[in-house]
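The values are calculated or read from the model by the stated rules, or taken from the named source; none is laboratory data. Quick caveat: nothing in here was measured; it's all calculated off a predicted structure. Counting neighbours? That spans all protein chains shown, and the Cβs are built from the backbone with ideal geometry, glycine included. In case anyone asks, the SASA skips ligands and DNA or RNA and just uses the protein heavy atoms, side chains included. Shrake-Rupley method; radii C 1.70, N 1.55, O 1.52, S 1.80 Å.
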2 protein chains.
Amino acid sequence: MAMAALRLPSLSLLRSPSKSLLSCPLSLAPRLRHLRPRASAHISGGGASRCISARSLAKEEVSSSATPSTDRKPSSSYEGSVTPRSVDFNAWYLDVIASAELADYGPVRGTMVIRPYGYAIWEAIQEYLNVKFKETGHSNMYFPQFIPYSFIEKEASHVEGFSPELALVTIGGGKELEEKLVVRPTSETIVNHMFTQWIQSYRDLPLMVNQWANVTRWEMRTKPFVRTLEFLWQEGHTAHATAKEAETEALQMIDVYKKFAYEQAAIPVIAGRKSRAETFAGAARTYTIEAMMGDRKALQAGTSHNLGQNFSRAFGTQFTDENGQRQHVWQTSWAVSTRFVGGIIMTHGDDAGLMLPPRIAPIQVDLLLGFVIVIQSVYEVILMNVSIINYQVVIVPIWKTANDKSGVIDAVSSLKDLLLKAGIKVKVDDSEQRTPGWKFNFWEMKGVPLRIEIGPRDVANKSVVVSRRDIPGKPGKDFGISMEPSVLVAHLKSRLDDIQASLLHRATSFRDSNIVDVNSYEELKAVIAQGKWARGPWSASDSEEQKVKEETGATIRCFPFEQPLGKMTCFMTGNPADEVAIFAKSY
Amino acid sequence: MAMAALRLPSLSLLRSPSKSLLSCPLSLAPRLRHLRPRASAHISGGGASRCISARSLAKEEVSSSATPSTDRKPSSSYEGSVTPRSVDFNAWYLDVIASAELADYGPVRGTMVIRPYGYAIWEAIQEYLNVKFKETGHSNMYFPQFIPYSFIEKEASHVEGFSPELALVTIGGGKELEEKLVVRPTSETIVNHMFTQWIQSYRDLPLMVNQWANVTRWEMRTKPFVRTLEFLWQEGHTAHATAKEAETEALQMIDVYKKFAYEQAAIPVIAGRKSRAETFAGAARTYTIEAMMGDRKALQAGTSHNLGQNFSRAFGTQFTDENGQRQHVWQTSWAVSTRFVGGIIMTHGDDAGLMLPPRIAPIQVDLLLGFVIVIQSVYEVILMNVSIINYQVVIVPIWKTANDKSGVIDAVSSLKDLLLKAGIKVKVDDSEQRTPGWKFNFWEMKGVPLRIEIGPRDVANKSVVVSRRDIPGKPGKDFGISMEPSVLVAHLKSRLDDIQASLLHRATSFRDSNIVDVNSYEELKAVIAQGKWARGPWSASDSEEQKVKEETGATIRCFPFEQPLGKMTCFMTGNPADEVAIFAKSY
């Protein structure tokens, strides 16, 4: 999946454009696509300087716009639609990221700038997981990102897995370093180096920590959010006195991720165990949650590793047990990254743009003075952290005459306060430069779950129109919803719950209709060729798994925790099989 | 300030030690100090491998403890006191960091592992500032940490200031890179590269963003929290249409920092403008908050830069103004880092250890099931974010017989729920391995503002004893405080307010008694030689400022915003002076 350059019109531009644009047609999609140049410029070359195509584009623009006619610059206009998903899923994905202003390319090949709207989604993920990690007994801390190269070499399969992807610091303070430093691709080695110093006795166990950090992997095929040279993640690291405790912990954390995916992100992931070939470099077992994207490719959305004693043996991380014997600790590590944001986009988005589950929708802090901001912060913080009622609504006021305006604006203003106090995250778009229709499209592109439309007639009737993002057109609209506080709040909360449930239901149906049970390798090949997932009994060898990969492009995504009952026969070998495996092409 | 190795006993060890340690004397300070080896091993060498003394220490320990007599290992015992502050301030500082388990050394020279208790202080700083940044109109986002080397060279004074401190990635994915990548020391260059693409017109301005990130500066003289090779910070970056707006923004953000220092951290910083010589590399003006540490050295605790058009000219960051003319944007950047944690330690700590202002005291999430955890999370989150009543209390139950125990534990348990519901962050230390006296010392070392002691007699009397961390011994104790909810809660809140105010008052008195007005260079030399700060009228040249630095070791910390009235004469040249400057030795 090669990278294409994105030209992102800025949010402020979109919201306060020049007047001459008010009459522009909304759909300028061809022009937007035109801004995605060929991918080849981005994958060639190991260095940074040759890949700065976004920069060169910007430069062109600066010079072309040195004339006063700046209103005609392409980026000053809002492209109200994107490449249809069905036409080109990858182009659609990049268009949504550009149009919803989620991210942009950094100057170094494969790096990504996470823009405020995209970053707010990551913050929502962080806030939920952070609470869950603390509830399950983990403390946040921070390990340095520079790791002596020798550390990486200590665990044999770890170095094998990561050494091709390392970024190395060789010069510091103007001098060549005696030992190269690895920019962390993951922190097991440095964690174990420290654990070895902190752990002496069984009383120090379990030791359970987490860090939110950036990590670097020198990937050749990058894609915003899904696979970038540098990305943000959390990595949990724990040490235990027994193998059983470590296994319980690894399972617990994959379950935390699974619940997050289902309940917050409305992504019906399949949780299971990785095959030996797909296990994390250095782990005894890897558990995973696998999500089906809109193009039916699998996305590994989170992993939890039972590391066994692999790292503790490599780093001498020992404790004295209750009998005075020295033992190596048993460990886990587990991670979710900014890749999850890509998963949300590719699960729920449609031709109108991003579609955010209400419980993930980012905070939009409006800048009010004094008291209101405090109230709002408090409410939002409660919502974000307890994550039971994490809604979002945009209000679009509609008026034509100045007379109408004041009544509408007053109504919108009191509505807003009302919703904030009820714990609903709300955004008012009362800019005067845009038509209501433009705003409808814009906020649909941004994926806001609910829209309230309110015009002079609504004010007179003391009612509003409520539109769902997930159901286009009239069927998604509720007309004449009373402004009476208790009625309106109950209606909105119920609708947000409906949307949350509906997104999960829709994604689950899609997933289930695209997983096919297979009983022969021929069947598997046919299913994979259709772009679907294949599920079948498997007890074949690693080399047979490799053969499937080479011949079909599909890998074992996992042995799902949920298994059919009864005796089975491996579809590849005809030998008895204890489990079914799921095969799919993946990101 | 060379680094010395720290051996940090782990928190869990301290809290559940072997029984044979129960009778150990609390003060084993000489042994702890013994664990600080000579500094020389840490500052020599450019590489990583030679400097891993913590690691070698740990190795020694592992081998020596292969015998079953692990109870006698030094790190299994709690050293209840530290080097007295008055004896050796630097040793005291490192001892507090070790004993309160705030941080440890990383394996690479100059790097630091921030341990959970230290990280929680940083989280409290983050949570407060994050709300303030959003209130003042900034959005969080994330820029990549790898910057093409050519970017750094674009702004002349920027490259001059930062090039000696750069860490460079030269190898990626096993290949030599065409262009070296800088691991960000700060992000102005990459920010401008992106701003150039996002900003087209005056309607895109102001553009106001912030990121929480790690940064790397190859410092030769490091010290935990104060100056480390990698550190955590936030960096705000804004672009404006006019010089005046940028100046207003730069001043606004230094004021946000100043308020945080006074109101939350109880540090009476002096805010002002840096001299030309001390201005940030690439800035037009730098504003600073300067804090006086317990050894009277100055700590630059936060800075806000008016960048003028320096970076926008270097990167061609232009906008079209309302008249259709192309203009370069006016910019600011501003930052606070984990250095602030060092500032808190060195401002308030005493011979008994850390002393935390109640509004900074870290969260202690106790792991209760179900409902309570939600309630607690909600309360804590409100407290942390609104930051009006951000208290902390430790409850130490006291009993001798099993009969006594149940009554005490019941009382403590209901007390705890009560305080949580009242919004007081509370920790119960009911471990059975330690004596109450040991716990008192331990939680004093940890800097917890208030301690509640409760024994069988207190239960019978329905009262408790409340001890202040900031006033040692009997004068700091309130006896017989009723357990009646409203009385107790009011008492605790009032005491926490007292402590917050008292810490600020004490630090302010200390600061003011150590700033001396000078009217001649001779006077300045005498004052600096006494270790104090000198304040005097200054209008001399950069080279005269340099002379002061060379001859006295002191630099101009700032021209404070608060200036005396009337005509003044420069103490150095005898020429008229508009301002006084503050001179001091600094970290």
Estimated FRET transfer efficiency (B:V516, A:E178; beta-carbon r; R0 41 Å; 0.05):
0.30
In sequence order, what are the phi-derived ³J(HN,Hα) couplings for region B:276-290 according to the Karplus relation 6.51 cos²θ - 1.76 cosθ + 1.60 with θ = phi - 60°, rounded to whole Hz, with x for glycine and proline?
3, 5, 9, 6, 3, 5, x, 8, 7, 9, 10, 9, 9, 10, 10
Rounded, prolate or oblate: pick one for region B:449-560, where a ≥ b ≥ c are the square roots of the eigenvalues of its C-alpha gyration tensor, a/c under 1.5 means rounded, and failing that, prolate if a/b is larger than b/c, else oblate.
prolate
Using heavy-atom solvent-accessible surface (probe 1.4 Å) with all chains present, what is the largest-first order of A:S482, A:S406, B:S201?
A:S406, A:S482, B:S201
Heavy-atom SASA rank of B:I452, A:I471 (probe 1.4 Å, accessible area, largest first)
A:I471, B:I452
Using a cut-off of 23 Å between alpha-carbon atoms, which lysines can reach B:K180, once sequence neighbours fewer than 8 places away in the same chain are excluded?
A:K59, A:K175, A:K180, A:K223, B:K154
Return the FRET efficiency for the residue pair A:T242, B:Q433: r is the Cβ-Cβ distance, R0 is 25 Å, and the value is rounded to the nearest 0.05.
0.70
Once all protein chains are kept in place, A:V82 shows an accessible area at probe 1.4 Å, nearest 10 Å², of 10
Counting Lys and Arg as +1 and Asp and Glu as -1, what is the net charge of the other residues whose Cβ lies under 9 Å from the Cβ of B:V394?
+3
Between A:A402 and the same site in the other copies, what are the distances in nm, shortest first, taking label points 7 Å from Cα along the C-beta direction?
8.6
Let a ≥ b ≥ c be the square roots of the eigenvalues of the Cα gyration tensor of region B:94-217; is it rounded (a/c under 1.5), or, if not, prolate (a/b larger than b/c) or oblate?
oblate
Nonlocal amide H pairs with A:D351, under 5 Å, H built at 1.01 Å:
A:R85
Once amide H atoms are placed 1.01 Å from N in the peptide plane, what residues at a sequence separation of 5 or more from B:M483, or on another chain, have their amide H within under 5 Å of its amide H?
B:S463, B:V464
Going by amide H atoms built from the backbone, whose H comes under 5 Å of the H on B:G447, apart from near neighbours?
B:L354
Among rounded, prolate and oblate, which fits region A:402-488 when a ≥ b ≥ c are the square roots of the eigenvalues of its C-alpha gyration tensor, a/c under 1.5 means rounded, and a/b larger than b/c means prolate?
rounded
For A:H491, the accessible surface traced by a 1.4 Å probe with all protein chains present amounts, in square angstrom to the nearest 10, to 30
Lys and Arg at +1, Asp and Glu at -1: neighbours of A:H328 with Cβ under 13 Å from its Cβ sum to 0
Mean accessible surface per residue for region B:430-582, computed with a 1.4 Å probe while every protein chain stays in place, in Å²:
46
Separation of region B:171-249 and region A:527-556 by C-alpha centroid, Å?
45
Could you work out the relative contact order of region A:452-587? I mean the mean sequence separation of Cα pairs under 8 Å and 6+ apart, divided by the number of residues, in percent.
18
How much of the accessible area of region B:161-233, probe 1.4 Å, is carbon plus sulfur, in whole percent?
50
Roughly what % antiparallel, to the nearest 5, for the DSSP beta bridges in region B:140-232?
90
I want the local charge near A:E484. Using Cβ-Cβ distances under 14 Å, sum +1 for each Lys or Arg and -1 for each Asp or Glu among the other residues.
0
Treating the beta-carbon of each Lys and Arg as +1 and of each Asp and Glu as -1, no other charges, what is the dipole magnitude of region A:221-355 about its Cα centre, to the nearest 20 debye?
460
Enumerate the lysines that B:K462 could reach by cross-link, defined here as Cα to Cα under 23 Å, with residues fewer than 8 away along the same chain left out.
B:K400, B:K405, B:K416, B:K421, B:K425, B:K427, B:K439, B:K474, B:K477, B:K493
Can you list, shortest first in nanometers, how far A:G476 lies from the same residue in the other copies, with each label 7 Å from Cα toward Cβ?
6.1
Chains A and B: accessible area buried, summed over both chains, 1.4 Å probe, nearest 100 Å², reads 8400
What are the ³J(HN,Hα) couplings of region B:124-129, residue after residue, when phi is run through the Karplus curve with 6.51, -1.76, 1.60 and θ = phi - 60°? Round to Hz, x for glycine and proline.
5, 5, 4, 5, 5, 5
For region B:70-203, whose charge dipole is built from +1 on Lys and Arg Cβ atoms and -1 on Asp and Glu Cβ atoms, the candidate among B:S157, B:T196, B:M112 with its Cα farthest towards the positive end is B:T196
At 1.4 Å probe size, put B:K421, B:K567 in order of accessible surface, largest to smallest.
B:K567, B:K421
Might you work out the accessible area of A:E432 for me, using a 1.4 Å probe with all protein chains in place, and round it to the nearest 10 Å²?
110
Output ³J(HN,Hα) for region B:237-243: one whole-Hz value per residue in order, computed from phi by the Karplus curve 6.51 cos²θ - 1.76 cosθ + 1.60 with θ = phi - 60°, and x for Gly and Pro.
9, 9, 10, 9, 7, 10, 4
